[in-house]
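The values are calculated or read from the model by the stated rules, or taken from the named source; none is laboratory data. The structure presented is a predicted model; accordingly, all values stated were derived computationally and were not measured. We place every Cβ from the backbone using ideal geometry, glycine too, and count neighbours over all the protein chains shown. Ligands, DNA and RNA are stripped out before the accessible areas are found, and what is left, the full protein with its side chains, is counted by its heavy atoms. Shrake-Rupley method; radii C 1.70, N 1.55, O 1.52, S 1.80 Å.
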Amino acid sequence: MKLTARMNAPSRPRSSEERAQWARANVWLFLLPALVFFVGYQVWPIIRVVWISFTDYQFLANEPANLVGFANYAEALTDPLMWAGLGRAALFTAMFLPGTIILPLLLAILVDRVRNQRVATVYRVIILIPAVIPSTLIFVLWKWMYNFQVGPINHFLVEVLGVFTIQTAPQWLGGTALTLPSIAIMEVWWGLGYHTVFFLAGLAAIPKELTEAARVDGANEWQIFWNVTLPALQPIMMILIVLRFGTSMAVIDEYLIFGGFDRESPTYTWTIFMYDQAFKTGLWRQGFAAAIGMIGAVFMMVFVGGLLYLFRRKG
Amino acid sequence: MATATAAIPMQRNPVLHRAAVIRHCIILFFCAIIILPLLWVLLLSIKSMPDSMRGNLWPRNFDFTHYGYVIEKIDTLPINLFNSVFVTGFTVVITCFCAVLAGYALVHLKFGGKAWIIAMLIASLYFPTRVVSIITIYGIQSDLGLINSTAGLILPYITLSLAVSILIMRSVFQLVPGELFDAAKIDGAGPWKCLWMVGLPLVRNGLVVIIIVNFVTAWGEYLLCSTLTNDQSARTVPVMLAHAAGGLGQWAWPRIAAVYVIVTAPGLIAFAFAQKLFFKGLMEGGIKA
């Protein structure tokens, strides 16, 4: 193949048949770089996780792993921590998901109505700022915001509003009951950027004539929202709900930074349980950790599949 | 229809005007919520030491020496900054290279198995891949001798946003009509030349989007970096900051706030310049993917 291509090189244009052959050989060269990384660091690690979840593999132990069948799964499923972990992740999702859909939707509808293009652009750029701040820097920022000593949130509550004293001021992070809501607020703030821009793109796609016609027909703003705007935004909203459901059920970095490894902490979800077993306690029982991870993932995928199925029938 | 649209701006009645004022107030409220935390950190980084210990927002004395102090006195900071730039730079360049090639191939080249590849990419977005794969990625890096290696982080970092980058480039390439490439082919250009001369200029906005997405992901990555490295000198600045809590000396509040500003500002300034292309690209490809 290569030879023919080289031989024909001087006499271009070549025949269409030869050119098609040449292109076909090249296709895999185009895909190869992406596939190497995708397979090497996504597909293969997951296949290995599935494999070691059926073994008693311990990373720090020197003995070779043995197949143990479903023993890891049985152990995980009978461990109350597994269920508490799934429940805590679900609780966080319930706190986070409504806010991260409704607030950006509201904000997008408001910004969409700004007629002055320059003002609208300024708004859009400011709103997108949280989306271009890298994740860990968001967590660090809010860790300081919630700080007991210098954080402006407690300062505002104690000194300005006076609803708390220094002694009674809330302890936001570090595994208290307030930790999950605090993280949820931070995540909503973080999502404000991308989600609003997503909805703005959806709103821009609605023909202006449609809303104007409804207005001429005597529909009020509320009716226009329910009957024109919302149905048009439904596809975007569904994608966002499914994607954010996935990310919020599998949060890990925030829990590692804000919660630690206290098993009683509300941040000790299935992801932390998995990480704890794989990298912190004992000989790093990675076979068991893999089973925990797979149970969490399958649990999530069932819900994601359900949501997709539900939305497909409606949309 | 034309009359209807024309009629709207005419009716400047007080009710509509009040609605506009309320609208702008609500939007400005949200904008304030977004900007104020960042301004607070900026302010913290120029507060004098005693002022930083008290909660008061506005300091009695300013102190601008913290920036110089952290660069000179935190001995790992220059290394951490270099690590961040090094790892992020390579990750962005390699991921974008892979995504452009793959996105082009998935739209404009013919081959079998295309639907499978796309389905796998989408499935990887819904599966908690990043979280679950950390267990075995540690083993892979250990086998390759890359534990505690900064350069070794680049390999798993590339895949973090690879799938979404490919899907974005795919939807951007779908907007480029195939006839353009056909015309170039008839002129004797091979697929590589087609992509480089014809395709790349037309997908510029999408490229800006994936550059920013990959920069944001790699610059702020925590899980892999904190798991795969042990020494502070092997880590990136955000991970080092995540482990720092206000204390004494180099870890005093205004000083770590100065570090925060140093690592956050460049990205925000770059985004401010690229925002026009970014929004265009987002409309072209980001929303669909």
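Per-structure values
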read-out: For A:Thr55, residues with placed amide H under 5 Å, excluding near neighbours; value: A:Val68
read-out: Pair B:Ile33, B:Arg18: separation of 7 Å Cα→Cβ label points (nm); value: 2.5
read-out: For chain B, the Rg and Dmax computed from alpha carbons only, in angstrom; value: 24.3, 73
read-out: Accessible area (Å², 1.4 Å probe, nearest 10) - B:Lys73; value: 110
read-out: For the range B:57-101 versus the range A:264-312, the gap between their alpha-carbon centres in whole angstrom; value: 33
read-out: Peptides A:108-120, A:281-293, A:138-150, A:52-64 ordered by average Cβ neighbours within 10 Å, highest first; value: A:281-293, A:138-150, A:52-64, A:108-120
read-out: Förster-model FRET efficiency, 35 Å R0, B:Trp251 and A:Arg263, C-beta, rounded to 0.05; value: 0.75
read-out: Chain A - percent of accessible surface contributed by carbon and sulfur, probe 1.4 Å; value: 66
read-out: Farthest positive-ward along chain A dipole, Cα basis, beta-carbon charges - from A:Asn220, A:Met249, A:Val140; value: A:Asn220
read-out: Interface size B-A, as summed buried accessible area [1.4 Å probe, Å², nearest 100]; value: 9000
read-out: For B:Lys47, distant residues with modelled amide H under 5 Å away; value: B:Asp63
read-out: Mean ellipticity per residue at 222 nm, deg cm²/dmol - from DSSP H runs of n ≥ 4 across chain B, formula -39500 (n - 2.57); value: -22500 deg cm²/dmol
read-out: Apportionment of accessible area to carbon and sulfur, chain B, percent (1.4 Å); value: 70
read-out: Within the range A:171-187, backbone nitrogen closer than 16 Å to the virtual label 7 Å beyond the Cα of A:Phe148 toward Cβ; value: A:171-179
read-out: Peptide-level mean, for A:146-157, of C-beta atoms on other protein chains within 10 Å; value: 4
read-out: Under 5 Å, built H, 5+ apart or other chain: amide partners of B:Asn148; value: B:Thr229, B:Asn230
read-out: Chain A: C-alpha gyration tensor shape, a/c 1.5 cut-off, then a/b vs b/c; value: oblate
read-out: Rounded to the nearest 20 debye, dipole of the protein assembly as shown from Cβ charges on Lys, Arg, Asp, Glu; value: 1680
read-out: Rel. contact order, % - alpha carbon contacts under 8 angstrom, at least six apart, chain A; value: 28
read-out: Mean accessible surface per residue for chain B, computed with a 1.4 Å probe while every protein chain stays in place, in Å²; value: 44
read-out: Cα-centred dipole magnitude for the range A:211-315, charges only on beta-carbon of K, R (+1) and D, E (-1), debye, nearest 20; value: 400
